[in-house]
1. Quick check: is even one residue across region 167-181 surrounded by fewer than 19 Cβ atoms within 10 Å (Cβ to Cβ) and away from the ligand (no atom under 11 Å from the Cβ)?
2. Mind counting the residues in region 55-71 that are surrounded by fewer than 20 Cβ atoms within 10 Å (Cβ to Cβ), under 16 Å from the mean Cα position of the chain (by Cα) and in contact (Cβ under 8 Å) with a residue 40 or more places away in the chain?
3. Within region 146-166, can one find any residue that is farther than 27 Å from residue 49 by Cβ, out of contact with any strand residue (DSSP E or B) (no Cβ under 6 Å at 6 or more places or on another chain) and in contact (Cβ under 8 Å) with a residue 12 or more places away in the chain?
4. Exactly one of these conditions fails for residue 276: (1) within 19 Å of residue 189 (Cβ to Cβ); (2) within 19 Å of the chain's Cα centre (by Cα). Give me its number.
5. Could you tell me which of the residues 92, 132, 109 is near the ligand (Cβ under 7 Å from one of its atoms), surrounded by fewer than 24 Cβ atoms within 10 Å (Cβ to Cβ) and not assigned by TED's automatic domain parsing to the domain that holds residue 204?
Ligand SMILES: NC(=O)c1ccc[n+]([C@@H]2O[C@H](COP(=O)([O-])OP(=O)(O)OC[C@H]3O[C@@H](n4cnc5c(N)ncnc54)[C@H](O)[C@@H]3O)[C@@H](O)[C@H]2O)c1
């Protein structure tokens, strides 16, 4: 068992990496518990749910809305949940974002924890206390910072995760390497084939690595006023691609990483051969590297994105492989990343 801590203003979060969901009952407090999951995860993993009322969301990004959050709050009310209650989010990134958001607004905030079941949620969405729902298609326009009491990561839950969803999670693992660990980037490159085959030890190592990278950054800047902005690498373009083209988050991030690599090379921060290596790694992980269509619409949607501040945007550049730098640029400069 490994344990990594995240310290936030709303409390500390214990991230436990363990091959055993049997630990779950010992983590849940002895107060009324309510479970939030989705219809895919429930099919495979309900036998590990605590004996508690369960709200089953329809799987997918389209469920991550304020209306759905209100529906869950209403359900909690009818179930008699109060300030002492505990909410457990058991599922992928959508379930985690939704659970954290509901837990942070219901009765001005109640305790919660996660069992993330997608690779993307295990290495990213469940870590760091950012919660959010989409508004009119714009990603995470309404949200909070609130740390879960615990995150229990059992990599065996990935056994039922479809391959495409597994690959989507790898995009965020590449992002973490690009931000903070050149060596791990090349290790991913060397073992791409085995990673795709889900080699147990490699997958565990990747999860641990990503959690540690993210925890280190969040511990420096929980509320994203500085260092944490680096975690948005690939997300300026990626979120807009996700919104416009309705492709999964991980795939949009992959395309967004290439976009960021293009701009970084143009700014003289990334060498051409490094950009080529990044594309090579993403391709070998069977992730997309080209924006499929509608670049103009995607660009226009960034103009409305929440990260835009006036006419400038805090864009995350790559400073070689393994380092990132946030530089405010005129939003118009983004057009030169389109290829
Ligand atoms: N809060 C954050 O810091 C943060 C960071 C990164 C991403 N996110 C959010 O995470 C979301 C993406 O997460 P995701 O890719 O997990 O999406 P998701 O939750 O939609 O899960 C993807 C699919 O996999 C299924 N699934 C999950 N676990 C499974 C399992 N073990 N077996 C079978 N099927 C399983 C789900 O039902 C769904 O169909 C996005 O909304 C993104 O904005 C949040």
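The values are calculated or read from the model by the stated rules, or taken from the named source; none is laboratory data. Please read these numbers as outputs of a predicted model, since none were measured by experiment. Heads up, the Cβs are rebuilt from the backbone with ideal geometry, glycines too, and the neighbour counts pull from every protein chain shown.
1. no
2. Here the count works out to 1.
3. Initially, region 146-166 is screened for residues farther than 27 Å from residue 49 by Cβ, giving none.
Checking region 146-166: not a single residue is farther than 27 Å from residue 49 by Cβ, out of contact with any strand residue (DSSP E or B) (no Cβ under 6 Å at 6 or more places or on another chain) and in contact (Cβ under 8 Å) with a residue 12 or more places away in the chain.
4. That leaves (2) as the condition not met.
5. On the way: 92 fails: surrounded by fewer than 24 Cβ atoms within 10 Å (Cβ to Cβ); 109 fails: near the ligand (Cβ under 7 Å from one of its atoms).
Just a single option satisfies the conditions, and that option is 132.
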